[in-house]
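The values are calculated or read from the model by the stated rules, or taken from the named source; none is laboratory data. Everything numeric here is computed off the predicted structure, so don't read it as measured data. In case anyone asks, the SASA skips ligands and DNA or RNA and just uses the protein heavy atoms, side chains included. Shrake-Rupley method; radii C 1.70, N 1.55, O 1.52, S 1.80 Å.
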Amino acid sequence: VFPGYEVFVSDQEIYLPMAYNNFDENLFSNDFALKFDVLQYSFFDELIGFLLRFTSNVSYILFFIYTLSRFIYFYALYRIVLYFTEDERFSILSLLLFVPPISVYGTQVFDNYLIPRVMGFSLGLLSLSYLFEKKYFKSTILISLHYLIHPLTALFFLAIYYLNLLFDFGKRKFLNKELVIPGLIPIGAFLLSSFVNGHGLGFFVLIDDAW
């Protein structure tokens, strides 16, 4: 199906050994690449490692999660376009614009293979659609899941939510609990990721001069 689907290519060559290593630490014990844990802030490898306990065929796992992520991606775009146009037919047809891969500075918005960014970005877009509709709990739950999978791209959607909270405060002159209480959920996700993955608050540590 256009634009196609790929497996065991590009960044997956980094991520998948880490997922297998999470399942069995003896598999790549001498692999130097694993000394640099690019997934230390993500639960992507834990998720793949967990699913590997039920099937040894990682191709099935990757294809299933990729297909689900792509469905969420298009569903989120449909909801966002529908919110602004209130035209269901146009909202469906507009999805054709996003079928070809869109490249931003050499990086595709939605890659043809499963990596954490693909999973996370789909959840982020869906969270945005619920934010437009003022369904704040659904929005922040999805942002939190996004953060647990790919924190870097989640920061953009978190900024939108908390800026919306700030602007609402400026307008009302008091904190709206309908926004504040759901806004605590991503903070919980941040604390979970920080301490379960064992890096504490290292996400905000600056690169030192020695590095």
Under the Karplus curve 6.51 cos²θ - 1.76 cosθ + 1.60, θ = phi - 60°, whole-Hz ³J(HN,Hα) for the stretch 134-143, x wherever Gly or Pro sits: 6, 9, 6, 5, 4, 4, 6, 5, 5, 4
The stretch 134-198, accessible area per residue, ligands and nucleic acids excluded (1.4 Å, Å²): 59 Å²
In whole Hz, what ³J(HN,Hα) sequence does the stretch 62-78 give by Karplus (6.51, -1.76, 1.60; θ = phi - 60°), x for Gly and Pro? 4, 5, 5, 5, 5, 4, 5, 5, 5, 5, 4, 4, 5, 5, 5, 4, 4
